[in-house]
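Q: Structure in structure tokens, see below.
The values are calculated or read from the model by the stated rules, or taken from the named source; none is laboratory data. Treat the numbers as computed from the prediction; the structure is a model and nothing was measured. Positions of Cβ are backbone-derived with ideal geometry, glycine not excepted, and every protein chain shown enters the neighbour counts.
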Amino acid sequence: MRSAPATPANLTLKRIRRNPNVIIGSVVILALVIIAAIAPLITPMDPIKQDIWEKYAAPRGLIVDGQLNGTYVLGADELGRDVLSRLIMGTRVSLLVAFIATSISLVFGVILGALAGYVGGRLDNVIMRVMDVLLAMPGILLAIAIVATFGPNIVNVMMAIAIVRIPAMARVVRSEVLALKEEEFVEAGRALGLSSGRILFRHILVNSWAPALVIAALGMGTAIVAEASLSFLGLGTQPPQISWGRMLSVGRDAIRSAPHVTLYPGIAITITVLGFSLLGDGLRDVFDRRLGDN
Amino acid sequence: MVHFSPGDPIRIMLGDDAEPAEVERLTKLYGLDQPAYVQYVRWLGRAVQGDFGTSLRQRQPVTKLITEKMGATVELAVASLLIAVLIGVPLGVISAVRRNTWVDFGSMFVALVGVSAPNFWIGLILLSYVALYVGWIPVFGRAEWSFFEALLAPFRGQGFGPLWDSLRYLLLPSITLATSIMALITRLTRSSMLEVLSKDYVRTAKAKGQTPRLVVYRHALRNALLPVVTVIGVQFGSLLGGAIVVETVFAWPGVGMLIITSIRTRELLVVQAAVLMLAAIFAIVNLLVDFSYSFLNPRIRYA
């Protein structure tokens, strides 16, 4: 079999395949995405059906009396709803909120960072000082302040998380653009008479996606925790939406009698964040080495 | 920003069945009938003088409310930082020295989980699996004394009771808040140590026949700690943010609890001021960290 030519793209793909962090992270995330996509099909019970007799029922496990069990595998919550089914449905909200928030911060971060880096001068100053102001507060504090002001609902949560994440993205893209601006291919583009917009968006940005991708992957983890924190404080998703943070918030009232209600959503969050940090760290290693080769 | 938020604070203060005349009188009294920009400029003018107005519900100056709680938050953050450093640095050193052994893999796995797990959840787990089975650990709240007062108690002839009490209450919240930064410090110490251990001066130290212990602690660790100290400084600010959530878990009476309860009662004046004061502390700490670089590392000197 002929091997693929050693273009930079193929080399990067090869490194990605050889990086265990990227592989494990991707597998975890892919599994979660699949669970979220087919969630209603795989919940063993109705996630919103209440059963007062089963209030805080203890986990029964997968095997009962030698047979496969589908009821209250991970126990029930304060209204007798199945924890496992709610956990599966909660995957949707948690991933979706994180994904949309990260996408918004990606779009705005890239645009602002690119403009600041490419145009420079006064515009750079204005944009980066605004970013500094946003960075002057702990992220979760800023998110709480935003949600407290505009009211707790899922849209405001996404906006708040996105705003918190924009500065990190803008900074990274700006420094990347600053470096690429001096490269020969940009000069060549200018010599050919290309417009600034075309050079920036068609030539510089397509070459600076790597660090943005790393920040986005790491940002997904941050966003998941932020959503959970806000929901835990009662400032995030509201019922009847099911999110892991809300499950923790509700389960907290019964940590003495029914610790299983808080245990499993936390494990779900931890695994998800772990997946995204492994992916982010792994991608950083891959791209760093690529930069090193040059 | 507060102006655009839903809910009328005067109505919330007086209740739904309040007299319209009374509502109007108080609205005028607190200047809430003025346009937004007038309110904002007035507020800003007073804020820079340290006056954040009066809490409508608690009828107390907001500044006083917050400074009372700030001590508890700072106490929690400092205790967490101490725990994180005292456990994280040795763990990182051991991992680096015993690279690729089960000690290394074990502590790196713990660190990875520590970074990924939301710390308020770790707090809940500690509550349900530790506090309920260990009688002397309180489930929530804070001792009557601040830690600083408790530290002075033996000298005042009050014995060690207050100190024990304050430590007891501080234990779980500070461990909870410490987890993620501890994990970060462990990972960073390890990678920094690994880098330093391969340096020439470490080889020289080994070559001149110094004991491995001295090589690690006197020659390598000193140099490896530089980036760690930087991160510790930067992370102190994020501890203040994390404290908001952790305080709610343990009913720790700090600024975080104040912010959350004030959001619930729609006392946004308090929220605004508390956020601003936490942000100010955050900024000051970051500034001090920047300055401390040149003291710690003689190779960097600011012009």
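Q: Output the residues belonging to the range A:238-277 that are in a helix (DSSP H, G or I), buried (at least 22 other Cβ atoms within 10 Å of the Cβ), touching a residue at least 40 places away in the same chain (Cβ under 8 Å) and of a type in the set (S, T, N, Q).
A: The one that is in a helix (DSSP H, G or I), buried (at least 22 other Cβ atoms within 10 Å of the Cβ), touching a residue at least 40 places away in the same chain (Cβ under 8 Å) and of a type in the set (S, T, N, Q): A:Thr272.
Q: When the range A:267-276 is examined, which residues are found to be at the interface with another protein chain (Cβ under 7 Å from one of its Cβ atoms) and farther than 11 Å from A:Ile29 by Cβ?
A: Within the range A:267-276, A:Ile269, A:Thr270 meet the criteria.
Q: Let me ask you something else. So is A:Val164 at pLDDT 90 or above, within 13 Å of chain B (Cβ to nearest Cβ), closer than 24 Å to A:Ile242 by Cβ and surrounded by 19 or more Cβ atoms within 10 Å (Cβ to Cβ) or not?
A: Working: at pLDDT 90 or above: yes; within 13 Å of chain B (Cβ to nearest Cβ): yes; closer than 24 Å to A:Ile242 by Cβ: yes; surrounded by 19 or more Cβ atoms within 10 Å (Cβ to Cβ): yes.
The answer is yes for A:Val164.
Q: Across the range B:91-105, which residue is surrounded by the fewest Cβ atoms within 10 Å (Cβ to Cβ) among those that are of a type outside the set (Ser, Thr, Tyr) and under 27 Å from the mean Cα position of the chain (by Cα)?
A: Among residues in the range B:91-105 that are of a type outside the set (Ser, Thr, Tyr) and under 27 Å from the mean Cα position of the chain (by Cα), the one surrounded by the fewest Cβ atoms within 10 Å (Cβ to Cβ) is B:Ile94.
Q: A further question follows. Name, by its number, the condition in (1) modelled with pLDDT under 75; (2) more than 14 Å from every other protein chain (Cβ to nearest Cβ); (3) part of a helix (DSSP H, G or I) that does not hold for B:Ala84.
A: (1)
Q: Just one of the numbered conditions (1) surrounded by 15 or more Cβ atoms within 10 Å (Cβ to Cβ); (2) of a type outside the set (Phe, Trp, Tyr); (3) more than 20 Å from B:Leu81 (Cβ to Cβ) is not true of B:Ile244; which one?
A: Looking at each condition in turn, B:Ile244 falls short on (3).
Q: Please verify whether A:Ala145 is crowded, with 18+ Cβ neighbours inside 10 Å, within 14 Å of chain B (Cβ to nearest Cβ) and out of contact with any His (no Cβ under 9 Å at 6 or more places or on another chain), treating the condition exactly as stated.
A: Against the criterion (crowded, with 18+ Cβ neighbours inside 10 Å, within 14 Å of chain B (Cβ to nearest Cβ) and out of contact with any His (no Cβ under 9 Å at 6 or more places or on another chain)), A:Ala145 qualifies.
Q: Another question about this same structure. Do we find a residue being part of a helix (DSSP H, G or I), β-branched (Val, Ile, Thr), without any contact (Cβ under 8 Å) to a residue 12 or more places away in the chain and under 30 Å from A:Ala179 (Cβ atoms) anywhere in the range A:96-108?
A: Checking the range A:96-108: at least one residue is part of a helix (DSSP H, G or I), β-branched (Val, Ile, Thr), without any contact (Cβ under 8 Å) to a residue 12 or more places away in the chain and under 30 Å from A:Ala179 (Cβ atoms).
Q: Next question, about the same structure. Which residues, counting only those in the range A:197-240, are touching a Phe, Trp or Tyr at 6+ places or on another chain (Cβ under 7 Å) and of a type in the set (S, T, N, Q)?
A: Listed by number, the list holds a single entry, A:Ser229.
Matching residues to (1) at pLDDT below 75; (2) in a helix (DSSP H, G or I); (3) at the interface with chain A (Cβ under 8 Å from one of its Cβ atoms); (4) within 30 Å of B:Ser166 (Cβ to Cβ):
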residue	(1), (2), (3), (4)
B:Leu226	no, yes, no, no
B:Gln235	no, yes, no, yes
B:Ala243	no, yes, no, yes
B:Trp252	no, no, no, yes
B:Ser262	no, yes, no, yes
B:Val271	no, yes, yes, yes
B:Val275	no, yes, yes, yes
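Q: Which residue, of A:Val133, A:Val172, is within 13 Å of chain B (Cβ to nearest Cβ), in a helix (DSSP H, G or I) and either of a type in the set (Lys, Arg) or over 25 Å from A:Gln241 (Cβ atoms) (or both)? Spell out the reasoning first.
A: Numbers: A:Val172 fails: within 13 Å of chain B (Cβ to nearest Cβ).
Sole residue among the options that is within 13 Å of chain B (Cβ to nearest Cβ), in a helix (DSSP H, G or I) and either of a type in the set (Lys, Arg) or over 25 Å from A:Gln241 (Cβ atoms) (or both): A:Val133.
Q: Any idea which of (1) surrounded by fewer than 20 Cβ atoms within 10 Å (Cβ to Cβ); (2) more than 10 Å from chain A (Cβ to nearest Cβ); (3) in a helix (DSSP H, G or I); (4) at pLDDT 80 or above is the one B:Phe291 doesn't satisfy?
A: So B:Phe291 meets the others, but not (4).
Q: Could you tell me whether any residue of the range A:43-66 is free of Cβ contacts under 8 Å to residues at least 12 places away in the same chain, in contact with a Lys or Arg (Cβ under 9 Å, 6 or more places away or on another chain) and not charged (D, E, K, R)?
A: Checking the range A:43-66: not a single residue is free of Cβ contacts under 8 Å to residues at least 12 places away in the same chain, in contact with a Lys or Arg (Cβ under 9 Å, 6 or more places away or on another chain) and not charged (D, E, K, R).
Q: Take B:Ala220 and tell me if it is more than 8 Å from chain A (Cβ to nearest Cβ), buried (at least 20 other Cβ atoms within 10 Å of the Cβ) and free of Cβ contacts under 8 Å to residues at least 60 places away in the same chain.
A: So B:Ala220 fits the description; yes.
Q: Consider only pairs whose beta carbons are under 7 Å apart and that are at least six residues apart or on different chains; among these, list those whose first residue lies in the range B:61-80 and is without any contact (Cβ under 8 Å) to a residue 60 or more places away in the chain and whose second residue is of a type outside the set (Lys, Arg) and surrounded by fewer than 19 Cβ atoms within 10 Å (Cβ to Cβ).
A: Once the first residue is without any contact (Cβ under 8 Å) to a residue 60 or more places away in the chain and sits in the range B:61-80, its partners that are of a type outside the set (Lys, Arg) and surrounded by fewer than 19 Cβ atoms within 10 Å (Cβ to Cβ) give B:Pro61/B:Thr54.
Q: May I pose another question? Run down A:Val22, A:Val28 and say which single residue is over 20 Å from A:Leu96 (Cα atoms) and of a type in the set (Val, Ile, Thr).
A: A:Val22
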